[in-house]
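Throughout, read-outs are computed from the coordinates displayed, never taken from laboratory work. The shown structure was predicted, so the numbers you read here are calculated from the model rather than taken from an experiment. A quick note on method: Cβ atoms are made from the backbone with ideal geometry, for glycine too, and the neighbour counts reach across all protein chains shown.
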Amino acid sequence: MKSLRNARAGLVPVRVMKGMSGAVAALTIAAAPLSSASATPAAAAPLSAAAVTAARPSSAPASVAPLNIYDFYRTRAGAPLWLSSTAGDSAQQLIGLLKSADLDGLNPDRYGVAALETAVADSHSADPKAVQRADVMLSQAFVAYVDDLRQDPGVGVTYVDAPLRPAPPSAMTLLSEAASAASLADYVRSMGWMHPIYGQLRAALAAHRYADDHERGMLQVNLERARVLPATKQKYVLVNAAQQRLYMYDRGQPVDSMVVVVGKPKWPTPMLTAYIRFAALNPYWYVPPDLAGEDVGQFVVKQGLGYLDKMGYEVVSDWNDNPTIIDPKTIDWKGVVAGKVNVLIRQKPGPQNFMGRMKFMFPNQFGVYLHDNPRRDLFLQSVRYYSGGCVRLEDASRLGRWLFGRDLDWQSAGVEQPVMLAQPVPVYITYMTAMPDNGAIAYYKDVYGRDGPQLATQSANGAAAAVGH
């Protein structure tokens, strides 16, 4: 577990790019029109598996394996998806995305864009087979693109629970979701298969909505981080440590948010994903042994042993449920402060307890969790980098009500009383130094120093690519 140390000022958003008129509109810029004429395909004949395989663009690299999307078209009796009378300009939007896949850190050549443009142009004829071939090619390229996007690019996230690692959906799932969208064209423009933050950051990057090369680099860095955020419609918690804010998501959109306190630069809050499994009411605070001198010992030396009683601290033999309580008079407290004496200390539940009245647990190797806190003044500050790594909540009761669907009754609960969630809820702790903000992009200082290495890697990769040309 992490500690709560003396406060140090953090940092606030340092720049907001204004004028993003519609975050998804910028995606259209990347999509050059294929033809001014709209496609009005003839009725499509049922597809065979052989026909689907044959429609794979011949120009695609060998590394792009044929995708089995036969089952999807069979459920539609061969009806086109991208070239239907209701698809709008979705085919053009998709090809525009594929042509600009370098913005995603991907190679546009993987998707056979030239062959797609030719096939779509041919589909304007009255030949049903041309429509069929173009539609299948678009679906195959789409599935390949999403398969590449929905992978972890290696941004330093720890996946405590393996099921939360990003993974591409099956071709059937992906295409069925696209087909069920209220507007396929809007679904493509907004990149509905990704987290909303991703689509908006990419839109800003595609439309060159940045002031300089540094901001462009920050957009690219954060676009990579956004790739690992979920596209699920289920409820989950998202914590952005760089913004010092927590969001509650449901059905793909934030439904509530609150400010939080996160780790000092010296003890940064890690990027991780895990399942919140239970709440602990009236918790102990277990003081990390390496912080015992700074958080407790120095005050015992200055104020005497009465400080322990005032704050509800007790020295214990171990972290078990029923440890032996050790007489604090037997402890060399100056040695504790000097780091020469190890001691285990816990703080009993009560108004002074640094965990507050509840904590939300997602067991992990960092000892990090979400918790209440009695230091209410910290939440009124504009910068909140004060903790030892855990996330302190502005309104723990509100989060508990959202997670459990009811108020958590800590008043009548016992010490460290667990309350299990019927269904675990994912939490994603990220570090987004560029975030969509009401049609603009808000930039945050890189307090934890994580942007620099990624920017350096991008520069090195760009230089290598230039040499390769």
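General remarks:
- Most to least packed among 123-129, 431-437 [average Cβ atoms within 10 Å]: 431-437, 123-129
- Within the same chain, lysines fewer than 8 places from Lys329 are excluded, and of the rest, those with a Cα less than 23 Å from its Cα are Lys302, Lys310, Lys340, Lys348.
- Within the same chain, aspartates and glutamates fewer than 8 places from Lys264 are excluded, and of the rest, those with a Cα less than 19 Å from its Cα are Asp290, Glu294, Asp295, Asp372, Asp377, Glu394, Asp446, Asp451.
- Sorting Ile276, Ile95 by the number of Cβ atoms found within 10 Å of their own Cβ, with the fewest placed first, yields Ile276, Ile95.
- Backbone HN-Hα couplings from phi across the range 301-313 [Karplus 6.51/-1.76/1.60, Hz, Gly and Pro as x]: 4, 7, 10, x, 5, x, 4, 4, 5, 4, 9, x, 8
- Across Lys334/Lys445; Lys359/Lys445; Lys235/Lys266; Lys334/Lys359, pairs whose alpha-carbon gap is larger than 30 Å: Lys334/Lys445; Lys235/Lys266; Lys334/Lys359
- Trypsin sites (Lys or Arg not before Pro) lying in DSSP loop within the range 354-417, provided at most 12 other Cβ fall within 10 Å: Arg406
- Order of Ile331, Ile429, Ile325 - criterion: other Cβ atoms within 10 Å of each residue's Cβ, fewest first: Ile325, Ile331, Ile429
- Cβ crowding within 10 Å ranks Tyr70, Tyr145, Tyr198 as Tyr70, Tyr145, Tyr198, fewest other Cβ atoms first.
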